[in-house]
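Participant: Shown below is the structure under consideration.
The values are calculated or read from the model by the stated rules, or taken from the named source; none is laboratory data. On a predicted model such as this, the values are computed, not experimentally measured, just so you know. In this analysis, Cβ positions are derived from the backbone assuming ideal geometry, glycine residues included, and neighbour counts consider all displayed protein chains. Just the protein is used for accessible areas: all its heavy atoms, side chains included, with ligands, DNA and RNA removed. Shrake-Rupley method; radii C 1.70, N 1.55, O 1.52, S 1.80 Å.
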Amino acid sequence: MFELLPGIGVLLPDGVGTLRFGMDGAATRRTLAGLGQVRSPGGLDATWIFTVQWGDLELTACARGDRHDPEPGDLLMAYVVLSRAGHPRRPIPGRGVVGRGAPGPAWRGPAAVPVVLDGIDLFGYPAAEVLEALGDDRYPELHFQTAVPGGYLPGVSFQAEPPPGAGVHTAAGTGAPDLACYEDMWTTGRHDWQLERTSSGYRIVMKGDPPMDLLMCHDALADQIAANMLAAGVEVVAGHPAS
């Protein structure tokens, strides 16, 4: 069982310990290694990113920052993503992590491994029931990936409160990576990307055979990038049908 601890981090299963916000990269990797083999594919919106699979779930931990930060070793863990496993991902050098195949929101049943917040198994019940149980005043640092109607949550991202003065390339006062660092995605490199229309917005996809879905730790940044890509006329395609 994974337990989300707002303001603290994630209590890991099997007595491994707690993955805490504010850990440096080395400590984060050592902690995740207690669950299994740690992968380090790099990330678009994080200077370091580590991923490990446990059962049918995948845990990804990210630093706050961006690829232009001069001292990546000083960056601390600020984001965690827990998602349903099953869609293999590969790194794109200098870009990020992308997922292959159908989109995650097609899950029609519960995860085998519980992910608990305030006694509620987030992946154990249909998404509508989970969100109703959490209520309108649920933690603002949580972001739930959209599920298909009647489906189960495909993933949840969990972040720490932005620390003051976080990084020289963050947007002022937000702790988020500077959007200008990624403008080639809707300017000089826009023909390499497309937007896939979904029920909740747009998914950022790198063109190829097959096309590859982009995994990002920072949800607000992903929304901003998609908005700029739309404004610049980046190609929009229909989403995968739910399965």
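Participant: Looking at Val38, is it over 27 Å from Leu134 (Cβ atoms), modelled with pLDDT of 85 or more and touching a helix residue (DSSP H, G or I) at 6+ places or on another chain (Cβ under 9 Å)?
Facilitator: In short, yes.
Participant: Exactly one condition in (1) at pLDDT below 75; (2) over 15 Å from the mean Cα position of the chain (by Cα); (3) surrounded by 17 or more Cβ atoms within 10 Å (Cβ to Cβ); (4) closer than 24 Å to Leu12 by Cα is false for Gly104; which is it?
Facilitator: Failed condition: (2).
Participant: Moving on to the next point. Check whether at least one residue in the range 235-242 is at pLDDT below 80, among the hydrophobic types (A, V, I, L, M, F, W, C) and either over 25 Å from Leu82 (Cα atoms) or exposed (fewer than 15 other Cβ atoms within 10 Å of the Cβ) (or both), and report yes or no.
Facilitator: Within the range 235-242, one or more residues are at pLDDT below 80, among the hydrophobic types (A, V, I, L, M, F, W, C) and either over 25 Å from Leu82 (Cα atoms) or exposed (fewer than 15 other Cβ atoms within 10 Å of the Cβ) (or both).
Participant: Among the residues of the range 120-154 satisfying the criterion of being open to solvent by less than 30 Å² (accessible area, probe 1.4 Å), of a type in the set (Gly, Ala, Ser) and part of a loop (DSSP other than H, G, I, E, B), which is modelled with the highest pLDDT?
Facilitator: Across the range 120-154, the extreme among qualifying residues is Gly124.
Participant: So which of Glu161, Glu183 ends up being more than 15 Å from the chain's Cα centre (by Cα), of a type outside the set (Ser, Thr, Tyr) and modelled with pLDDT under 80? Walk me through it before giving the result.
Facilitator: Details: Glu183 fails: modelled with pLDDT under 80.
Checking each option against the conditions leaves just Glu161.
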